[in-house]
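Right, one structure below, let's go through it.
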Amino acid sequence: MKFKAFLTENGVNLLEKRFIPSLEKTAKTCHLYFTKTHTLFLHNLLNGDGIQSIAQFTKQVLFDDYRISSQNDDRIAFTIDLSLLLRALRSSVAICNEYSSSAVPNRLQIKLVKKLPSNCSVPTPFLTFETRGFKSAVIQDIPISKPLSRAQVVELQSALDMAQDVPPTLIQVPDLNQLLNLVDRMKHVGDAVNVSISKYGDLTVQVSTTLISLGAEFRKLLVIGDQANAPSEDQNLSAQTRSSRSILRGDAQSVQVSVKHFAKSLQYHLAKPDCAFYGIAPQGSCLTMIFQFFVPGSRETDKSISLHCRLPVLDPGTG
Amino acid sequence: MSGMEEEAPDVLCQLENVQGLVDALTAVRWKRHQDAVLELSEHGIVLIVEESGCLQAKVYLKKEIFIRYDYNAEGRPRFGVSLGLFVDCLNAFSVPGHSSLIQIWYPGPDMQVLLKSVDSLDASICAEIRTRIPDTSAWDYNFEPAGTNPLTFTVKSAALKEAIEDLEWPGSSIQITMEPDPPSVTLRAEGHGDLQIDFIYCVNSDLLVAFQCDHRVSFKYKYKFLRASTSNMPSSVTKENRGSKLSIGRGGMLKVQHLVSISKPSASHSHVDSAGYQQPSRIAHIEFFVKPEESED
């Protein structure tokens with residue numbers, strides 16, 4: 001099992017400034033999964049509870065001189081602590097910047113190694129960052145889990161394949177920051193939030209308890225997939241009535257998710273997506289959030305980066 | 001039922017600066033779970049909270065604070081809400097760096113308070129808060145002057161808050177003494193140790209802004225009640241360098257008054273000059289009444 005690659009400048013920027021800070025908010029550790037073509041950061045794919053999140057990069061975005069080999073179809077996966085990864089990345093960047101005036105361009109190499117720690121008799125695996133300066137080299141070892149067995153990798157890959165389905169109706173969410181602000185305050189009011197999405201482009205988010213209900217409604221959002229025109233007789237109704245009527249008509253779906261999960265998922269705006277889409281999977285099995293990235297300076301989707309997450313549902317709600 | 005819906009509600013009001021209202025109500029939120037009573041009238045809304053028969057606080061939201069205030073009730077409707085939920089809920093309407101217009105409406109079809117943001121048609125926030133019937137309270141916080149002349153002083157709110165915070169370590173109770181000669185106010189705590197803070201009234205000092213006292217008075221108040229009167233003072237009060245007025249009434253009843261600005265954030269307001277002048281009407285008055293521990297006078 002071998003893995004060795006050089007991080008590109010763009011790759012360092014993406015990971016250090018955008019993706020790892022946002023992924024870290026979901027959970028401290030995640031699976032890092034390398035294949036022949038892609039690198040993936042996966043949250044909660046093998047255990048059912050918690051937010052599942054999948055961040056995928058083609059190898060060219062993050063690395064050059066990418067070498068991977070394993071007896072398992074050249075796939076390697078392990079668990080890594082994201083805060084340690086971020087720290088190592090940050091200090092490597094600082095070292096690179098310090099020496100960047102030298103004639104030799106600095107390159108940041110990462111590789112998988114096994115080392116024998118001083119107080120231990122069994123070699124343990126590390127992900128090593130190596131920065132070569134003009135006169136010195138700095139090496140940082142991040143402890144990782146034992147690489148996943150063949151069976152576990154197969155299980156991870158099949159969980160990944162299962163998590164790829166796209167909801168029939170997706171709506172484009174407006175300002176994520178504003179929504180985050182609102183949901184942060186909803187946390188004080190209740191634990192569960194009802195999210196309903198209609199084919200007309202309506203999104204309602206509501207927390208209800210016996211004493212209070214607090215909700216927000218966004219209308220006329222861009223719809224992708226199954227869509228319909230909002231019936232004109234619904235225009236002047238209250239948000240709640242409109243939402244329940246569209247559910248009855250089969251034009252909307254509603255699920256209940258944890259407010260905490262919902263707030264965490266909004267932290268993905270730290271990854272600076274260019275747009276975000278929400279949808280509810282068939283039978284209300286989960287709330288899916290898909291983040292889209294554009295090729296810099298264009299409005300074209302960057303196919304080399306993808307990020308989506310799935311929020312587990314507390315109550316299947318209404319189909 | 002449909003006929004009822006057409007009827008005008010007791011109160012329908014609109015407010016521009018939700019954050020100001022949140023600040024004013026937070027000032028009387030001294031613990032996590034507090035029940036508040038709201039009293040509606042043609043003059044505005046009064047929110048009242050009470051504790052242990054010793055402390056009462058009132059927030060006066062005059063109708064001038066609102067950009068629209070429609071009052072249609074007869075008598076003075078009263079209802080109870082959880083202050084914590086009410087504040088948390090209002091908070092959701094407050095978007096940083098954004099002046100948000102909200103509408104408050106009472107009663108809803110199920111006697112709820114209804115709140116709604118009315119900035120934009122395509123994005124709105126709504127809330128419903130369940131109300132309860134308030135206890136028929138027999139609170140006795142009638143503040144009457146102690147004599148012919150009032151006993152009162154006005155101190156910078158920031159200084160008052162700091163003084164009360166400093167008096168925490170001796171603990172238990174605080175003795176407030178007003179003395180006409182030399183004109184001064186003394187706050188003294190005795191417990192694990194003694195600490196005394198004197199406010200001297202003199203011409204050049206801007207600490208004690210006003211002072212009126214014709215005979216010596218001295219009363220003891222429970223520390224926790226005194227602290228409640230300043231602990232959640234909104235930061236805008238100290239930023240705007242406001243003063244708090246304290247008066248001692250008959251039997252030692254202490255009245256503490258603060259002013260909290262509810263006008264729009266000045267950046268978006270053309271009427272506010274550089275000195276920070278704001279329309280005086282957009283001010284919420286907050287009053288605390290603290291009963292003394294025992295009379296010594």
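Taking residue A:310, is it among the charged types (D, E, K, R), over 22 Å from residue A:191 (Cα atoms) and in the same structural domain as residue A:181 (by TED's automatic domain parsing)? Here the answer is no, as residue A:310 does not meet what is asked.
Residues checked against (1) of a type outside the set (D, E, K, R); (2) surrounded by 15 or more Cβ atoms within 10 Å (Cβ to Cβ); (3) over 30 Å from residue A:181 (Cα atoms):
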{"position": "B:107", "(1), (2), (3)": "yes, yes, no"}
{"position": "B:128", "(1), (2), (3)": "no, yes, no"}
{"position": "B:131", "(1), (2), (3)": "yes, yes, no"}
{"position": "B:140", "(1), (2), (3)": "no, no, yes"}
{"position": "B:153", "(1), (2), (3)": "yes, yes, yes"}
{"position": "B:157", "(1), (2), (3)": "yes, yes, yes"}
{"position": "B:160", "(1), (2), (3)": "yes, yes, yes"}
{"position": "B:169", "(1), (2), (3)": "yes, no, yes"}
{"position": "B:174", "(1), (2), (3)": "yes, yes, yes"}
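Screening residue B:103 against (1) more than 17 Å from residue A:189 (Cβ to Cβ); (2) surrounded by 15 or more Cβ atoms within 10 Å (Cβ to Cβ); (3) polar (S, T, N, Q); (4) within 11 Å of chain A (Cβ to nearest Cβ) leaves a single unmet condition, (4). Assess whether residue A:189 counts as being within 13 Å of another protein chain (Cβ to nearest Cβ), crowded, with 21+ Cβ neighbours inside 10 Å and in a loop (DSSP other than H, G, I, E, B). Taking the combined requirement at face value, the residue satisfies it. Consider region A:204-233 and keep the residues that are more than 14 Å from chain B (Cβ to nearest Cβ) and among the charged types (D, E, K, R). The one that is nearest to the chain's Cα centre (by Cα) is A:226. Listed by first and then second residue, the pairs linking a residue in region A:144-160 that is closer than 11 Å to residue A:78 by Cβ to a residue that is among the basic types (Lys, Arg) and surrounded by 12 or more Cβ atoms within 10 Å (Cβ to Cβ), with Cβ atoms under 7 Å apart and 6 or more places separating them unless they lie on different chains, are A:153/A:75.
With respect to residue A:254, determine if the residue is more than 12 Å from chain B (Cβ to nearest Cβ), in contact (Cβ under 8 Å) with a residue 24 or more places away in the chain and touching a Pro at 6+ places or on another chain (Cβ under 9 Å). Criteria not met by residue A:254.
Considered as a group, the residues in region A:45-75 that are surrounded by fewer than 20 Cβ atoms within 10 Å (Cβ to Cβ) and under 17 Å from residue A:147 (Cβ atoms) include one that is farthest from the chain's Cα centre (by Cα), and that residue is A:71. Looking only at residues of region B:64-92 that are of a type in the set (A, V, I, L, M) and outside any loop (DSSP other than H, G, I, E, B), we find that the one that is nearest to residue B:14 (Cα to Cα) is B:65. One residue alone among A:196, A:243 is among the polar types (S, T, N, Q), in contact (Cβ under 8 Å) with a residue 24 or more places away in the chain and part of a strand (DSSP E or B), and that residue is A:196. Within region B:60-90, the set of residues being within 18 Å of the chain's Cα centre (by Cα) and either modelled with pLDDT under 90 or hydroxyl-bearing (Ser, Thr, Tyr) (or both) comprises B:60, B:82. Residues that are surrounded by fewer than 17 Cβ atoms within 10 Å (Cβ to Cβ) and in contact (Cβ under 8 Å) with a residue 12 or more places away in the chain within region B:180-196 comprise B:180, B:182, B:183, B:186, B:190, B:191, B:192, B:193, B:194, listed in sequence order. Taken together, B:95, B:28, B:46, B:59 contain a single residue that is away from every other protein chain (no Cβ under 14 Å), assigned to a loop (DSSP other than H, G, I, E, B) and not aromatic (Phe, Trp, Tyr), which is B:28. One residue stands out in region B:124-153 among those that are outside any loop (DSSP other than H, G, I, E, B) and out of contact with any helix residue (DSSP H, G or I) (no Cβ under 8 Å at 6 or more places or on another chain): the one that is nearest to the other protein chains (Cβ to nearest Cβ), namely B:128. No other residue among A:297, A:317 is assigned to a loop (DSSP other than H, G, I, E, B) and at pLDDT below 95 apart from A:297.
The values are calculated or read from the model by the stated rules, or taken from the named source; none is laboratory data. Quick caveat, the model's predicted, so the values are computed rather than measured. Cβ: placed from backbone, ideal geometry, glycine included. Neighbour counts: every protein chain shown.
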